[in-house]
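The values are calculated or read from the model by the stated rules, or taken from the named source; none is laboratory data. All values derive from a computational prediction rather than experimental measurement. Cβ: placed from backbone, ideal geometry, glycine included. Neighbour counts: every protein chain shown.
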Ligand SMILES: *Cc1c(COP(=O)(O)O)cnc(C)c1O
């Protein structure tokens, strides 16, 4: 088979499987409303949970102070005092001694797993973990096993089978990105301790969004602290509305990553202007006002969808998916919603398991109650028209 045949066949197969993906072109800044194909759409698709992505002042101020680029990697001359200060503020915001900035969450996860794990180690991951954790595990060449979603007994079974001399690392999303539910972090911490393991938590959807004004993220949300979770990863592209990521941990862990993490060492530092802007956004986030508005929207959405007997998946976070199952049906409903002026992405395999296509509805602090009412009313009408069983189930 030639290269051309291989590429054509794969693309053709993708279309036949109804898994063809297309990008929309957004012609406005992010927000509760976005401009797509000259139409204003009510946006229930973004991870900009606190409505910060459209802000520009802090970035403009950062660019005035620092210019555009960072000029080099962190270990050469790209590490500015803006990066340094942001690392300190991030560490403090999640209650860890130190933090280390990365270009994005994907690379941070690569770095953690690839750097820590050696061939003779054992890695245990939740079945529904984000693709970047799975990829990072594969790069590490260690033995990787995936336990059933949030099933601590299944994990325990794996841990008991592991040769006692192998070091174990347990990795989990704190908030699962396509389901919106949360990992039982206290239980995972206990079991990790019993086996002298290292617990790593990916808090892409919890950092800046969950927790309280003293400490942000899923640990605070679940009444835990740095002593319960060895490695914490948070991203700056979701709740914080910008771009980038960080790993928080002990002094030794961070120094170890600075010395050995290839995705840290061999890449250009994020712009200092961005680091400075993220510092400002963090201060906004820690005041807690936007989280309060988001929480009110989540409560309102849950209450109204229950009243309408909509079968929304069990979640108390900003991610409120409606399970459809069939890929084509999910796509059709998403398209009808768009005709009604609403943007909700249909999530299909391989992002989710086969037969579990869904509409991934995300709420933000920028939505109003009437936005939510319009979404739910439209959803009910469309589901009825397609005879969808998710309605009234
Ligand atoms: C988005 C996401 C990432 C990747 O973060 P980026 O900064 O977008 O690369 C990692 N893990 C989870 C769970 C995510 O949802």
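Here are a few things to note about the model shown:
- Residues of segment 310-324 include none that is in a helix (DSSP H, G or I) and surrounded by fewer than 17 Cβ atoms within 10 Å (Cβ to Cβ).
- Matching residues in segment 93-142 - criterion: being in a loop (DSSP other than H, G, I, E, B) and within 16 Å of the ligand (Cβ to nearest atom): 103, 104, 127, 128, 129, 130
- Members of segment 57-75 that are assigned to a helix (DSSP H, G or I) and in contact with a strand residue (DSSP E or B) (Cβ under 9 Å, 6 or more places away or on another chain): 74
- From the list 215, 182, the lone residue that is surrounded by fewer than 22 Cβ atoms within 10 Å (Cβ to Cβ) and either within 16 Å of the ligand (Cβ to nearest atom) or closer than 17 Å to residue 117 by Cβ (or both) is 182.
- Segment 255-278, residues that are crowded, with 19+ Cβ neighbours inside 10 Å and assigned to a helix (DSSP H, G or I): 257, 263, 264, 272, 273, 274, 275, 276, 277, 278
- The listed residue being surrounded by fewer than 17 Cβ atoms within 10 Å (Cβ to Cβ) and touching a strand residue (DSSP E or B) at 6+ places or on another chain (Cβ under 8 Å), out of 251, 187: 251
To keep it simple, each residue is scored yes or no on (1) surrounded by fewer than 20 Cβ atoms within 10 Å (Cβ to Cβ); (2) farther than 15 Å from residue 313 by Cβ; (3) not assigned by TED's automatic domain parsing to the domain that holds residue 131.
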{"site": "330", "(1), (2), (3)": "no, no, yes"}
{"site": "335", "(1), (2), (3)": "yes, yes, yes"}
{"site": "355", "(1), (2), (3)": "yes, no, yes"}
{"site": "359", "(1), (2), (3)": "no, no, yes"}
{"site": "366", "(1), (2), (3)": "no, yes, yes"}
{"site": "370", "(1), (2), (3)": "yes, yes, yes"}
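- In segment 43-55, residue nearest to residue 26 (Cα to Cα) [restricted to those that are out of contact with any strand residue (DSSP E or B) (no Cβ under 9 Å at 6 or more places or on another chain) and either without any contact (Cβ under 8 Å) to a residue 12 or more places away in the chain or within 16 Å of the ligand (Cβ to nearest atom) (or both)]: 53
- Checked against (1) under 21 Å from residue 163 (Cα atoms); (2) in contact with a strand residue (DSSP E or B) (Cβ under 6 Å, 6 or more places away or on another chain); (3) surrounded by fewer than 21 Cβ atoms within 10 Å (Cβ to Cβ), residue 120 passes all but condition (2).
- For segment 189-216, the set of residues classified as under 22 Å from residue 155 (Cβ atoms) and part of a loop (DSSP other than H, G, I, E, B) consists of 195, 196, 197, 203, 204, 205, 206, listed by residue number.
- Cβ separations smaller than 7 Å between residues 6+ apart or across chains give no pair from segment 132-155 residues that are in the same structural domain as residue 203 (by TED's automatic domain parsing) and within 14 Å of residue 173 (Cα to Cα) to residues that are modelled with pLDDT under 95 and away from the ligand (no atom under 15 Å from the Cβ).
- Test: residue in segment 183-192 that is closer than 23 Å to residue 53 by Cβ and within 15 Å of the chain's Cα centre (by Cα): no
- The residues listed here are 109, 104, 166, 141; of these, the one that is surrounded by fewer than 20 Cβ atoms within 10 Å (Cβ to Cβ) and under 30 Å from residue 363 (Cα atoms) is 104.
- For segment 37-56, the set of residues classified as surrounded by 16 or more Cβ atoms within 10 Å (Cβ to Cβ) and outside any loop (DSSP other than H, G, I, E, B) consists of 41, 42, 43, listed by residue number.
- Qualifying residue in segment 351-368 (condition: touching a residue at least 40 places away in the same chain (Cβ under 8 Å), assigned to a helix (DSSP H, G or I), touching a strand residue (DSSP E or B) at 6+ places or on another chain (Cβ under 6 Å) and farther than 23 Å from residue 14 by Cβ): no
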